[in-house]
Amino acid sequence: MKRIFLLWLALLPAQAVPRVVDFHSDVRLARSGELSVTERITLEVDDRTPHSVLRRELRGPAAVSDVIRNGHPEPWVLEPDADGARLRIGRPGAALPHGRHTYQIAYRSGGQVRFLDRHDELHWRLGPAERITAEIILPVSVPAREITADAGKEAQSFVRDGRAAFRSMRAIAPHEEVMVVVRFPKNVVERPKVERGGLLAVLALLGFAAAVLYWIKKLSARG
């Protein structure tokens, strides 16, 4: 399964790592399975940690729609990656002024929901940061008793009708992350349908393979 999420927060240059004070992720899940994500990342920059480019690793198909720093548009580049895409924010070599800087990143992604036998679920990666919060909103108002939220030992989870929220219980170091899971009933999200053309191609390939095996056995029998 392809996953977004939030694998790593890397800052360039590598030796200069300012404090990641706050990380918030707002995830809205559509009936189609597409995710609309808004992330808010606050950094503390000082003279000892000059910072110019924020790099975000996104897994799975992602389309970035907006990047803002301190309320103003920020230049960004989305580069294809083997596992998804790499988002580079800012101007290389242009160090940010001393103080706090808040980034807001908006993007969409698909193919993140796991469709299981008894329920469906979404896995989401958060952090790292000194404080992490997140909210995952389902496309319909599912009763809270039918939603399960899990964040392991690193964060608290809260469930309400149609949504789940998370809050870290301690600072998450740069080499760490928090994996949260939200489980919900079947049919809240529509399962992707197999394209007819793709299905026919698979059936044709299976038929060809069966025919090849048949003739191989027949020729072996003659020999």
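Name the residue that is surrounded by the fewest Cβ atoms within 10 Å (Cβ to Cβ), counting only residues in the range 33-62 that are outside any loop (DSSP other than H, G, I, E, B) and touching a Pro at 6+ places or on another chain (Cβ under 7 Å).
GLU44
Of the conditions (1) under 24 Å from SER168 (Cα atoms); (2) among the polar types (S, T, N, Q); (3) surrounded by fewer than 16 Cβ atoms within 10 Å (Cβ to Cβ), GLN112 clears all except one; give me its number.
With respect to (1) under 24 Å from SER168 (Cα atoms); (2) among the polar types (S, T, N, Q); (3) surrounded by fewer than 16 Cβ atoms within 10 Å (Cβ to Cβ), GLN112 is out only on (3).
Checking the structure you have, find out if any residue of the range 117-134 is over 30 Å from LYS186 (Cα atoms) and open to solvent by 20 Å² or more (accessible area, probe 1.4 Å).
yes
Since PRO92 meets every condition but one in (1) part of a loop (DSSP other than H, G, I, E, B); (2) surrounded by 15 or more Cβ atoms within 10 Å (Cβ to Cβ), which condition does it not meet?
(2)
Consider SER65 against the criteria (1) open to solvent by less than 50 Å² (accessible area, probe 1.4 Å); (2) modelled with pLDDT of 90 or more: it satisfies all of them except one. Which criterion is unmet?
(1)
Kindly check whether there is at least one residue in the range 14-25 that is over 24 Å from GLU176 (Cα atoms), at pLDDT below 95 and either open to solvent by 10 Å² or more (accessible area, probe 1.4 Å) or assigned to a loop (DSSP other than H, G, I, E, B) (or both).
Looking for residues that are over 24 Å from GLU176 (Cα atoms), at pLDDT below 95 and either open to solvent by 10 Å² or more (accessible area, probe 1.4 Å) or assigned to a loop (DSSP other than H, G, I, E, B) (or both), one finds none in the range 14-25, hence no.
The values are calculated or read from the model by the stated rules, or taken from the named source; none is laboratory data. Predicted model only: the values in this text are computed from it and were never measured. Every residue, glycine among them, receives a Cβ derived from its backbone with ideal geometry; neighbour counts consider all protein chains shown. To get the accessible areas, we keep the full protein, side chains included, count just its heavy atoms, and leave off ligands, DNA and RNA. Shrake-Rupley method; radii C 1.70, N 1.55, O 1.52, S 1.80 Å.
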